[in-house]
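Take a look at the structure set out below.
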Protein chains: 2
Amino acid sequence: MRPYEIIKKKRDGQALSAQEITSFLGGYTRGEIPDYQMAALTMAVFFKGLSAPELAAWTGAMLRSGEVLDLSDIPGVKVDKHSTGGVGDKVSLALAPMAAACGVKVPMISGRGLGHTGGTLDKLESIPGFRVDLGIPVYRELIAGVGACLIGQTATLAPTDKKLYALRDVTATVDCIPLIASSIMSKKLAEGIDALVLDVKVGSGAFMKTREDARTLARTMVGIGREMGKKVVALLTDMEQPLGRAIGNALEVQEAVAILKGKAPADLTECTMALTAEMLVLAKVAPGRAEARARLERCVADGSALKKLAEIARAQGGDPRFVEDESVLPKARNVRPILSLTEGYVAGIETEAMGLAAVALGAGREKVDSLIDPAVGFILERKVGERVQ
Amino acid sequence: MRPYEIIKKKRDGQALSAQEITSFLGGYTRGEIPDYQMAALTMAVFFKGLSAPELAAWTGAMLRSGEVLDLSDIPGVKVDKHSTGGVGDKVSLALAPMAAACGVKVPMISGRGLGHTGGTLDKLESIPGFRVDLGIPVYRELIAGVGACLIGQTATLAPTDKKLYALRDVTATVDCIPLIASSIMSKKLAEGIDALVLDVKVGSGAFMKTREDARTLARTMVGIGREMGKKVVALLTDMEQPLGRAIGNALEVQEAVAILKGKAPADLTECTMALTAEMLVLAKVAPGRAEARARLERCVADGSALKKLAEIARAQGGDPRFVEDESVLPKARNVRPILSLTEGYVAGIETEAMGLAAVALGAGREKVDSLIDPAVGFILERKVGERVQ
């Protein structure tokens with residue numbers, strides 16, 4: 001079937017066969033199908049959607065456009081966690097060492113900040129010496145040895161996703177749930193995982209503003225996982241306000257350390273524990289959620305999770321002393337209190353605006369090549385429901 | 001507004017401003033907006049449509065992408081007719097001389113065969129010597145002097161339509177009524193007309209298969225005309241079977257001559273008279289349809305319409321003797337009767353298949369550079385409702 005007929009078929013609301021999707025995406029990957037035909041197809045997908053079998057074929061074609069890691073020679077169940085992005089989301093920094101301390105293997109290929117949201121890689125790089133560009137051989141070695149490795153996307157994993165994302169970004173098909181879901185899942189499935197926990201953020205600071213959209217995205221991604229034979233669990237978590245109290249790279253590393261010391265804000269601790277518990281259950285390290293939570297609390301109480309974070313940092317070139325000594329991390333030259341002009345209770349936080357304000361301070365990139373200042377950020381002394389004087 | 005935001009706005013069903021449309025199409029014409037953004041926008045238009053003001057802006061931008069002829073220095077009302085295409089549609093060849101014989105100025109820029117349909121230019125070129133590539137100065141001169149001129153599309157008129165049509169053709173947005181309407185109207189409005197009669201074909205041999213689609217297309221084009229300050233009338237005419245009995249270029253020229261001699265099949269004569277009468281009314285050559293019809297019958301009866309056809313042919317380099325002597329026209333070497341295998345009445349004709357069969361004989365192009373054999377074609381000895389033995 002010609003590309004024209006595939007576009008027309010989707011435009012007219014008919015389901016595409018796996019073979020049609022594979023041939024279209026394969027042709028696009030090889031440069032035989034031009035951007036304008038892909039732009040027309042993705043706009044038709046925006047209006048007509050993709051069914052579960054179509055999504056599996058679409059994701060599979062993107063996955064197979066590059067290297068698909070095989071970590072089956074590393075003993076243990078390999079489980080990753082992916083967040084759809086929010087403000088103050090430093091969960092991965094505590095979750096990876098906790099899961100690894102409990103015996104889960106954590107292959108984690110993370111991203112940079114996007115728009116108003118922060119990125120795990122940017123946060124990690126505020127630890128002096130920490131490297132996220134280690135390459136796949138070292139990645140394998142650290143997963144096997146340390147139990148976790150957190151690196152950046154490589155050019156060899158799902159390259160078509162990168163090409164397609166750039167096209168969607170200029171043709172107004174970014175906010176399309178099937179395309180978001182297949183983009184995330186193709187990258188995650190290329191990492192070599194056995195199972196995946198998804199943290200779908202919902203609220204004013206998330207990309208999904210409504211529960212309905214978040215639930216649809218979550219179900220779509222879980223469905224793709226099922227079609228691809230992977231165990232996938234999704235939690236919808238609140239992003240009506242920033243997670244925890246810290247926003248900004250080094251500040252968030254400090255707050256992640258606080259989780260592992262049992263001293264973090266309750267919302268952040270709960271979110272991290274709930275997601276990590278799912279990983280333990282998927283990895284069969286714990287028989288159920290209750291046992292998983294108990295196990296996680298032990299690894300915090302006995303210091304093994306904190307020790308694991310230091311071990312991961314050291315293995316990736318970072319100075320491990322930051323887990324005990326905050327002064328190792330970059331510090332802002334100027335620290336100013338911002339006081340409320342009125343008295344009362346905080347009724348809401350403009351979370352996306354907070355994220356953008358942090359970007360403006362230098363915590364994120366305003367342009368692709370902007371430099372990040374790891375020290376800057378905000379500490380929210382008051383959150384929703386708290387009294388301001 | 002950036003191209004991205006214009007695509008998103010249309011995708012989300014909001015109306016675009018004239019300025020947004022002008023800037024997008026202008027950018028596309030200048031090559032600043034790439035094909036992939038236009039492909040995304042046209043697919044969004046496929047789903048969300050264009051309102052009357054949007055269509056006027058869209059058509060205006062395509063019109064102004066090239067030369068817009070100004071024939072206002074030529075005395076008389078300039079009226080053209082455009083058909084959306086069918087099988088056996090030789091109306092223009094009789095209509096132009098009839099209208100000109102009655103004092104209408106007919107600036108007619110015609111097309112080639114497309115798909116299963118024939119094209120006026122291909123038909124005219126079966127007259128030995130007839131040239132359709134005369135250029136605009138000669139075109140003006142013949143409209144002023146002879147009263148009609150039939151030429152082909154020049155590269156300078158609405159070039160964006162050509163570029164956009166080629167893109168739509170490979171991105172499955174050809175069969176989109178607002179885009180069809182603006183494509184036709186931008187070319188016609190560039191010709192220098194004061195008024196326009198549209199022949200919207202409907203039925204199995206037309207591009208519009210249903211009355212509903214044909215009516216929508218007709219109303220859309222009339223609406224564009226009104227927004228652009230031109231008088232436009234549309235007739236819906238039957239294309240459930242070929243028009244007249246002749247299909248094929250030289251055969252259709254002969255049948256067009258028969259119209260002007262009062263000897264053509266009734267359906268063809270009626271269609272031609274009805275359309276030409278509208279032109280006379282629009283040109284104010286006749287006060288109403290009845291008077292226009294009477295006038296047309298006189299110009300057939302007194303031979304002035306036939307004389308005008310010969311005059312047009314001579315002015316465009318053709319051998320004018322064909323109006324009296326069929327042997328001047330190319331003749332097929334082999335003529336074979338095709339007999340029905342059963343007896344009864346013709347219940348229907350697969351009109352599109354007849355058109356494609358004529359193309360396969362050589363009456364049209366299977367590829368862009370195929371050569372046309374002007375002599376080949378079909379004579380339908382029996383049409384719908386007639387007895388076959």
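The values are calculated or read from the model by the stated rules, or taken from the named source; none is laboratory data. Since the model is a prediction, treat every value here as computed from it, not as a measurement. Positions of Cβ are generated from backbone atoms using ideal geometry, with glycine treated the same way; all protein chains shown enter the neighbour counts. Note: areas computed on protein heavy atoms with side chains; ligands, DNA, RNA excluded. Shrake-Rupley method; radii C 1.70, N 1.55, O 1.52, S 1.80 Å.
Things worth noting here:
- Accessible surface, per residue, of chain A when the full set of protein chains is kept, probe 1.4 Å, Å²: 42 Å²
- Set of aspartates and glutamates near B:Lys8 by C-alpha distance (under 14 Å), chain-local residues within fewer than 8 positions excluded: A:Asp169, A:Asp175, B:Glu20
- Packing rank of A:202-208, B:229-235, where each peptide gets the mean count of other beta carbons within 10 Å, highest leading: A:202-208, B:229-235
- Peptide-level mean, for B:27-36, of C-beta atoms on other protein chains within 10 Å: 2
- For residues of B:42-54, the mean tally of beta carbons on other chains within 10 Å: 3
- Pairs of Lys residues in the stretch B:19-144 that lie 8 or more places apart, or on two chains, and have C-alpha atoms under 28 angstrom apart add up to 9.
- The trypsin sites (Lys or Arg not before Pro) found in the stretch A:344-389 that occupy coil by DSSP, while having at most 12 further C-beta atoms within 10 Å, are A:Lys367.
- Reachable aspartates and glutamates, given that their alpha-carbon falls under 19 Å from the alpha-carbon of A:Lys261 and they are not under 8 places away in the same chain: A:Asp89, A:Glu252, A:Glu270, A:Glu297, A:Asp302, A:Glu311, A:Asp319, A:Glu324, A:Asp325, A:Glu326
- Accessible-area composition of the stretch B:79-323, carbon plus sulfur, in percent [1.4 Å probe]: 54 percent
- Rounded, prolate or oblate (a/c below 1.5 giving rounded, otherwise prolate when a/b exceeds b/c) for the stretch A:317-389 by Cα gyration tensor: oblate
- For the chain pair B and A, the interface hides roughly 1900 square angstrom of accessible area in total, found with a 1.4 Å probe.
- Cα gyration tensor shape for the stretch A:250-389, rounded if a/c is under 1.5, else prolate or oblate: oblate
- The protein assembly as shown, dipole about Cα centre (Lys/Arg Cβ +1, Asp/Glu Cβ -1), debye to the nearest 20: 360 debye
- Chain A: relative contact order as a whole-number percent, Cα under 8 Å and 6+ apart: 22 percent
- Using the Cβ-Cβ distance between A:Arg2 and A:Ser72 with R0 set to 35 Å, the FRET efficiency from 1/(1 + (r/R0)^6) comes to roughly 0.35.
- Structure note, pairs B:Lys9/B:Lys201; B:Lys209/B:Lys367; A:Lys231/B:Lys9: Cα-Cα distances above 29 angstrom occur for B:Lys9/B:Lys201; A:Lys231/B:Lys9.
- In this structure, A:Glu386 and A:Lys263 have a Cβ-Cβ separation that, at R0 = 22 Å, corresponds to a calculated FRET efficiency of about 0.75.
- B:Tyr345 accessible area, assembled protein chains, probe 1.4 Å, Å²: 150 Å²
- Counting DSSP beta bridges with both ends in chain A, the antiparallel % (nearest 5): 20 percent
- For the peptide B:215-221, the mean number of other protein chain Cβ atoms found within 10 angstrom of a residue's Cβ is 0.
- Panel note: contact residues of the stretch A:1-26 (accessible area lowered by at least 40 Å² against the chain on its own; 1.4 Å probe) correspond to A:Tyr4, A:Arg11.
- Assigned charges on the beta-carbon of Lys, Arg, Asp, Glu; chain B dipole about Cα centre (debye): 480 debye
- Here the protein assembly as shown carries DSSP beta bridges of which approximately 20% are antiparallel, counting only pairs with both residues inside.
- Neighbourhood charge, 11 Å Cβ-Cβ cut-off, centred on B:Val253 and excluding it, Lys, Arg +1 and Asp, Glu -1: -3
- One quarter of the surface of the convex hull around the alpha-carbon atoms of chain A equals 19.1 nm², the direction-averaged projected area.
- Net charge of Cβ neighbours under 12 Å - reference A:Ala195; Lys, Arg +1; Asp, Glu -1: +4
- Sorting A:260-266, A:354-360, B:176-182 by their mean Cβ neighbour count within 10 Å, with the most densely packed peptide first, gives B:176-182, A:354-360, A:260-266.
- Cα-based shape type of the stretch B:3-49, given that a ≥ b ≥ c are square roots of the gyration tensor eigenvalues and the cut on a/c is 1.5: oblate
- Diffusion constant of the protein assembly as shown at 20 °C, which comes from Stokes-Einstein with the Kirkwood Cα-pair radius and 1.002 mPa s, µm²/s: 70 µm²/s
- Projecting the Cα atoms of A:Cys271, A:Asn249, A:Thr210 onto the charge dipole of the stretch A:197-309, computed from C-beta unit charges around the Cα centre, puts A:Cys271 farthest toward the positive end.
- Axial C-alpha extent at least 20 Å, average Kyte-Doolittle at least 0.0 - helices from chain B (DSSP): B:266-282
- Placing unit charges on the Cβ atoms only, positive for Lys and Arg and negative for Asp and Glu, gives the stretch B:48-126 a dipole magnitude near 180 debye about its Cα centre.
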